[in-house]
Each structure stands twice: as structure tokens, then as C-alpha cells.
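The values are calculated or read from the model by the stated rules, or taken from the named source; none is laboratory data. This structure is a prediction, so every number in the text was calculated from the model and none was measured. Counting neighbours? That spans all protein chains shown, and the Cβs are built from the backbone with ideal geometry, glycine included. Surface areas here come from the heavy atoms of the whole protein model, side chains and all, with no ligands, DNA or RNA. Shrake-Rupley method; radii C 1.70, N 1.55, O 1.52, S 1.80 Å.
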Amino acid sequence: ALKDKEITIMKKQMEKLTNKLQIQNIGVQNNIQNNLHIHLLNHDNTDYSHLSDIDYINCIKENNFCVKKLIESVHFNDEKPENKNIYVSNIKSNYVMLYKNNKWQIVNRKEQIDDLYEYNEVLLEEWYENYRDKDNEMIKSFTRYLKSKENNEIIDNIKQEILLLLYNNRLIESGC
């Protein structure tokens, strides 16, 4: 309990310092994660195994935002902190922070969000193909999504929402 309190105090102090300096202190962040025994997974090894049919159904019920909901369920799930391996540290920047090759790396934001979107969309489609005969309502939801994704404006809006998701959860992801 005392150690948890000390960690909480340290996190609050780091958040204040980070906000003042407008930078991410990656070294301190990794130390905190090691002290908490959280071992981040490299982004290309993100674990999806915890997702149940209900999780996928909940994503699909979000219609146009089903892919965003899947990303949220995987990368921003407090029960799977090892998947918190991506975030946007500065909304004005063209880069994303990605845990890759066992360290934080800066990667092109547009490319990464496009890849993240496409990868999670394929996972949803694969799950849907295996499950669709079991739930008519879900078929309607996903069919609406598939039709709407032909509209580039809708896809751009979804990707903008994913960007905001990555930014709004940056302090959670970075351990500050």
C-alpha cells in the first residue's frame, strides 16, 4: 500500500513536470512500468486474445466507429496494460509514439493510423465472417458500416476520431 502511494505521488509529480516542459519523459516512464511489472508488448505483437464474441459485437454495434471501438478495446483496456503501446504525445505533431523493438519510437502519424485502422478492420471482418450467421441485428450494423466506408469523408472522420483517442489517452499510455 505504501509503495502504491509512493508510485501515485511520483506519477502526479511527473505529470506536473511533463505538463510544464511539454515533453514526454520516456526513461522515467519505462522505470515506472518496470516497477509495476508491466511489460509492454511491441506494437506488432499486440495481444487480441482477451477479446470475446461480446467484445466484437459491442464494437460492431458502434456502426461507423466499430474499428475505433476495437482499437479502444485493445490498446486502452486497463485489464491489458501490456497493449498500451501506442499514443500521440502532441496533437499538432505528424508523429505517433509506438512501442517497437522494445523501445518507444516515433513513427509517421498518418501511416500508422492508416495501418492501425486497416489491421483492425480486417480483424473485425474476419470475425464477422465466422460469426454473422448467429445474429441478424449484427449483420445489419456491419452491413451499414461496410456501405458507409465507401465514403472517404466518413473514413477520414473515423481516422480523426482514432487520432483523438490516441491523443486523449496519452497520459494513461505514457505512465505519466
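Lys110 to Glu79: FRET efficiency via 1/(1 + (r/R0)^6), r the Cβ-Cβ distance, R0 35 Å, to the nearest 0.05? Calculated value: 0.70. Residues Val88, Val122, ordered by accessible area of protein heavy atoms at a 1.4 angstrom probe radius and largest first, appear as Val122, Val88. Once the Cβ-Cβ distance of Arg132 and Asn102 is raised to the sixth power relative to R0 = 41 Å, the FRET efficiency obtained is 0.60.
Extension gain for the segment Ile7 to Asp44, taken as residue separation times 0.36 nm less the Cα-Cα distance, is 10.4 nm to one decimal.
Ligands, DNA and RNA are left out, and with a 1.4 angstrom probe the accessible area of the range 36-176 is 55 Å² per residue.
Give me the extension gain from Leu164 to Glu62: residue separation times 0.36 nm, minus the current Cα-Cα distance, reported in nm with one decimal. Value of the extension gain: 35.0 nm. Heavy-atom accessible area, probed at 1.4 angstrom with all protein chains present, ranks Arg109, Arg132, Arg144 as Arg144, Arg132, Arg109, highest first.
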